[in-house]
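Below is one structure, written out as structure tokens; comments come after it.
The values are calculated or read from the model by the stated rules, or taken from the named source; none is laboratory data. These numbers come from a predicted model, not from an experiment. Heads up, the Cβs are rebuilt from the backbone with ideal geometry, glycines too, and the neighbour counts pull from every protein chain shown. The accessibility values were calculated without ligands, DNA or RNA, using every heavy atom of the protein model including side chains. Shrake-Rupley method; radii C 1.70, N 1.55, O 1.52, S 1.80 Å.
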Amino acid sequence: MISILRSDLYRTATIRSSSISLAVLVLLGLLLGAVNIDAWALLAGMGAFGFAAMVVAQHYQHRTAFLLYLSQPRRMVVLGGQLVAAIVVATAFVATSGLAVLIRGESGPYKDLLTVVPIMAILAASCASIVRRSTWLLLGSAGWFVFVEGLIGRLKLPLPFTSLISAGAGDTRGLLIASLWAGVAVVVASLSIGRDLTGD
């Protein structure tokens, strides 16, 4: 698992599109955090979800999943390493992009968002392992949030993104529900990770 973690962190740091995206969003987060904490929290939450999903989805996008599973045939070990890598990347992104918020003395929102980021990363990485295509996942997540949770659910618990938003605002019940959603996603990912790669 350590080799998977090291490899995925190295990939994230060295693939040009990933490193540029991280740098740009960290700078944007620092600017937003100095002006508006809610805008920073929105950017940091969306960015953390996206980066966590990309840690897993890039293997399918760049066709390196074959090599990954050849080097480590036990796919549950691969999934575990990718989940930890997603947590590290998402947490590092939120922690650095929120330094302006911390400097302003607003440690409450900073700590609340950092608390929910690992759960958000697990949900995103697990969903990316299931869907395997980052574009489908991100567009599907946006559509789900707007139409199902926003228009139909009126942003009320116990839906997944609503739970993450509540948890990011410091709500303990939202944190518990978001953890349950992440757990369900891990179970589904562990059941689907063994399927063939030929169609991807």
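None of Ala182, Ala178, Ala167 is among the hydrophobic types (A, V, I, L, M, F, W, C), farther than 20 Å from Gly143 by Cα, part of a helix (DSSP H, G or I) and in contact with a helix residue (DSSP H, G or I) (Cβ under 6 Å, 6 or more places away or on another chain) except Ala167. Quick one: in segment 59-79, of everything that is part of a helix (DSSP H, G or I) and within 15 Å of Arg6 (Cα to Cα), which residue is most open to solvent (accessible area, probe 1.4 Å)? Going through the qualifying residues, I end up with Ser71. Just one of the listed residues (Trp136, Trp144) is touching a helix residue (DSSP H, G or I) at 6+ places or on another chain (Cβ under 8 Å), open to solvent by 70 Å² or more (accessible area, probe 1.4 Å) and under 17 Å from Ala53 (Cβ atoms), and it is Trp144. Among residues of segment 40-59 that are without any contact (Cβ under 8 Å) to a residue 24 or more places away in the chain, those with a Cβ under 6 angstrom from a residue that is open to solvent by less than 10 Å² (accessible area, probe 1.4 Å) and part of a helix (DSSP H, G or I), sequence gap 6+ or separate chain, pair up as His59/Ala65. Of the residues Ala128, Ala142, Ala121, the single one that is under 11 Å from the mean Cα position of the chain (by Cα), of a type outside the set (Asp, Glu) and under 18 Å from Ile165 (Cα atoms) is Ala121.
Within segment 93-131, the set of residues being free of Cβ contacts under 8 Å to residues at least 40 places away in the same chain and open to solvent by less than 50 Å² (accessible area, probe 1.4 Å) comprises Ala95, Ser107, Tyr110, Leu114, Pro118.
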